[in-house]
Amino acid sequence: MTASPSVGRSDHGEETRQGRWLTSLLLFSILCLGPTALLFALNSIVGMLGPWINLDLLLVYIAAVLAGRVSQRLAVVLATLGMFATLGIQILVGIGLIYIEDPALILEYLAFAAFWPWRVISLWAGLALVAMLITYLLLSRIRIGRARTLPAVVLLIVFVSLDLFGRTAIGYDMVRLNMATSSAVRLGQLIGKWTRPAQFHVRPFDGETMQSYLTTNGPPPDRILSIAVESFGSAQDANYNAVEIAPLQKALGNDYVVTRALHPYRGATLAGEIRELCGLRISGTPKTAEGRLLRPHCIPAKLSEQGWATLGIHGNSRFFYNRSGLYPAIGFTHTLFFDDLKAQGRRVCRTRAFAGICDHDSIGAALDFMARNPKAFVHIMTLDTHFPLGSRTAGDRNCKPGVTVPSPELCLYQNQITAVMGEIGEVIAKAPVKPDLIFIYGDHAPPYAVASERKYFDRENIPVLILKRRAEADGNAPPV
């Protein structure tokens, strides 16, 4: 007795449906789940900035299935290139979230190519090519045109709906995860900014600055140290702030009176430096000629004209923010950047977002300059707390006793700011020639993406620590 034809067709149809679902699952795992897991790992382990869900992966899946119904080879090529292009753009934007938007900075970074970690770049590029080849071979064994598009379409609608109703575009108001990231849209936005770059603008800064302090409080002392601490913000919790500066006060409290103030801020790193050094508010990156227009307002230029030796220090590339041209333009008679400091034997730290001279050694270079010059003004732009932050020790994400915060990321931040303050205090305490006046301030508040972490800090002001030699604070001449 044989099965009826209708039963045979039913069994065959069931096998076909199961086969299509299996094909869909395999294809979805390769094109969507695998890349999403990689982005999640980069965010969780490496600390890459940016979301880990990317809608373009779903679009690549849908486009590959539709192409597969016309040509298997076309589908395989489209799926492979689409997936790796989506990943590549997302990772590049995540690594260089700030710098990549300014075409001038990209050109400056290219000029720094001799210092790039080419061995590491070559390793990862090789791994990416191997992964691309493996992906191509795996996809070649899947009949892509048989996969179903409906599940991907449903997920696409769900993610876009969650993103819109969760209001992630206004600071993760309801949903803490950006559900609708698109590499294609991001690339389009970047191209728009590259083709229509923001113009450089400058105007007087409305608020207290180091420049206003030094120009309105009588003759300046002989040795002044300015330290702009990357991403140093003022938390809403006074105890949190006190813990951060405790090592500094412990190291220097006997020699200096430490006072804390708040200065308003606008903009990013370079804007923070120019705010305090020149009392100006800028937007965009000034060319060297534009930098000379700032000069009459800037403390380095004013002091240099009065006989002070002036030095600007940054432990990374001289090309970032055109500092190689800008620092001399605003009055620094001497400059030290990564290559200069490295040639002096200063240590390179590789435990943060990018390699650069350790802040400890940059501060040491500043104090060595002061020891050689009876009248000196030195400015340092630090690096160690540059975002994205990553754990350097096993307990870096554990908060100090008595500190309660909504996220372990804030414990990590506090520990690393505390470490920088401790290093500043340690190096100055051991120096045979100490500054008479020290300013320690943030360039901008920490640039957290999650609203609860961002709102933990004052979004209008940054902290300023002013350290005066005790003899001067008591009205006596400062000791040499």
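The values are calculated or read from the model by the stated rules, or taken from the named source; none is laboratory data. What you are looking at is a predicted structure, and each value in this text was computed from that prediction instead of being measured. Using ideal geometry, Cβ is built from the backbone for each residue, glycine included, and neighbour counts are taken over all protein chains shown. Protein only, heavy atoms only, side chains kept; ligands, DNA and RNA dropped before computing areas. Shrake-Rupley method; radii C 1.70, N 1.55, O 1.52, S 1.80 Å.
Here are a few things to note about the model shown:
- Label point distance in nm, Asn254-Thr215, each placed 7 Å from Cα along Cα→Cβ: 3.9
- Counted by Cβ distance under 14 Å from Pro432, the other residues give a net charge of +2, where Lys and Arg count +1 and Asp and Glu count -1.
- Most to least packed among 306-319, 127-140, 282-295 [average Cβ atoms within 10 Å]: 306-319, 282-295, 127-140
- Taking the Cα centre of segment 334-480 as reference, the dipole from Cβ charges on Lys and Arg (+1) and Asp and Glu (-1) amounts to some 180 debye.
- The overall shape of segment 297-374, judged from the alpha-carbon gyration tensor, is oblate: a/c is not under 1.5, and a/b is no greater than b/c.
- Accessible area in square angstrom per residue, segment 206-309, 1.4 angstrom probe: 41
- Positive-end residue, segment 174-302 charge dipole about Cα centroid, Cβ charges, pick of Ala180, Ser234, Gly279: Ala180
- Leu336 sits among other residues whose Cβ lies under 11 Å from its own Cβ, and their net charge, with Lys and Arg +1 and Asp and Glu -1, is 0.
- Taking all Cα pairs closer than 8 Å and separated by 6 or more residues, the relative contact order of segment 371-470 comes to 24 percent.
- Between Val154 and Ala371, the contour length at 0.36 nm per residue exceeds the Cα-Cα span by 71.3 nm.
- Model label points for Gln306 and Ala429, set 7 angstrom from Cα along the Cα-to-Cβ axis, are 3.2 nm apart.
- Rg/Rh for segment 196-333, where both radii come from Cα atoms and Rh is the Kirkwood radius: 0.98
- Spin-label model, Lys287/Ala394: points 7 Å from Cα along the beta carbon direction are separated by 5.5 nm.
- Once the chain from Leu74 to Val120 is taken as fully extended at 0.36 nm per residue, the excess over their C-alpha distance is 13.3 nm.
- Extension gain, Leu81 back to Ala184 (0.36 nm per residue minus Cα-Cα distance, nm): 35.8 nm
- q = 0.11, 0.15, 0.22 Å⁻¹, segment 384-456: log10 I(q)/I(0) [Debye, one scatterer per Cα]: -0.35, -0.61, -1.06
- Å² per residue, accessible surface of segment 328-397 at 1.4 Å: 38
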